[in-house]
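Please read the structure below before turning to the comments.
The values are calculated or read from the model by the stated rules, or taken from the named source; none is laboratory data. Computed from a prediction, not measured in an experiment: that's the story for all the values here. Every residue, glycine as well, gets a Cβ built from its backbone with ideal geometry; the counts of neighbours run over all protein chains shown.
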Amino acid sequence: MSTIDFNQMLLNNAEFLKPFAVTLTRDNETAKDLYQETLFRALSNKDKYNAGTNIKAWLYTIMRNIFINNYRRNAKQSTIFDSTPNDYFINLNQGAVANEAIAGINLKEVKQAIHNLPEIFKNPFLLYFDGYKYHEIAEMLEEPLGTIKSRIHFARKLLKSHVQRF
């Protein structure tokens, strides 16, 4: 097959590749790049095309292989591509500074609120806070399981009402 015949056949069948490229990439700009790369590879490998075979299938296979290779290459690099016009979300937390004073005030306020709980609620809550399970607390305090669950629930409710949120 002559170069002119191959080029003409390639041009006649190249338009079918554009929708396939968009389907693969889901991005118009990346699809254009994939389309161009496919045509380049087809032209550079025209000697590998067997005359009389389905050129559309050959072109689709080239495009799919390029897409898969690019996908694997990007996955190995583990890079994040951001196509947003600005870097607002990337640089969002760079200006944030931890404020230990506020955290200390909040912790002090929570401890004070726990200390002010009635004794009936404070003991089960502190045991639960230390990591004991409901049934273990019930056995320790010799109370029914439902009573312990209820007291811990009311302790949480009281704490929520006493501790201010910022």
_Search result, residues across region 128-137 that are at pLDDT 90 or above and either surrounded by 19 or more Cβ atoms within 10 Å (Cβ to Cβ) or of a type in the set (Asp, Glu) (or both)_ = TYR128, GLU136, ILE137
*asked:* Considering only residues that are surrounded by 15 or more Cβ atoms within 10 Å (Cβ to Cβ) and more than 12 Å from LEU10 (Cα to Cα), which ones fall in region 34-46?
replied: LEU34, TYR35, GLU37
*How many of the residues making up region 49-80 are aromatic (Phe, Trp, Tyr) and under 19 Å from GLU29 (Cα atoms)?*
3
*Could you count how many residues in region 47-73 are within 14 Å of MET9 (Cα to Cα) and touching a helix residue (DSSP H, G or I) at 6+ places or on another chain (Cβ under 7 Å)?*
4
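Would you check if ASN50 is out of contact with any Pro (no Cβ under 6 Å at 6 or more places or on another chain), of a type in the set (S, T, N, Q) and surrounded by 10 or more Cβ atoms within 10 Å (Cβ to Cβ)? Break it down into steps so the answer makes sense when it comes.
Numbers: out of contact with any Pro (no Cβ under 6 Å at 6 or more places or on another chain): yes; of a type in the set (S, T, N, Q): yes; surrounded by 10 or more Cβ atoms within 10 Å (Cβ to Cβ): no.
No, not satisfied.
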*Show the residue pairs that are 6+ apart or on different chains and have beta-carbon atoms under 9 Å apart, the first residue being within region 53-72 and assigned by TED's automatic domain parsing to the domain that holds LYS18 and within 20 Å of MET1 (Cα to Cα), the second being assigned to a loop (DSSP other than H, G, I, E, B) and not charged (D, E, K, R).*
ILE55/TYR49; LYS56/PHE16; TRP58/TYR49; TRP58/ASN50; LEU59/PHE16; ILE62/ASN45
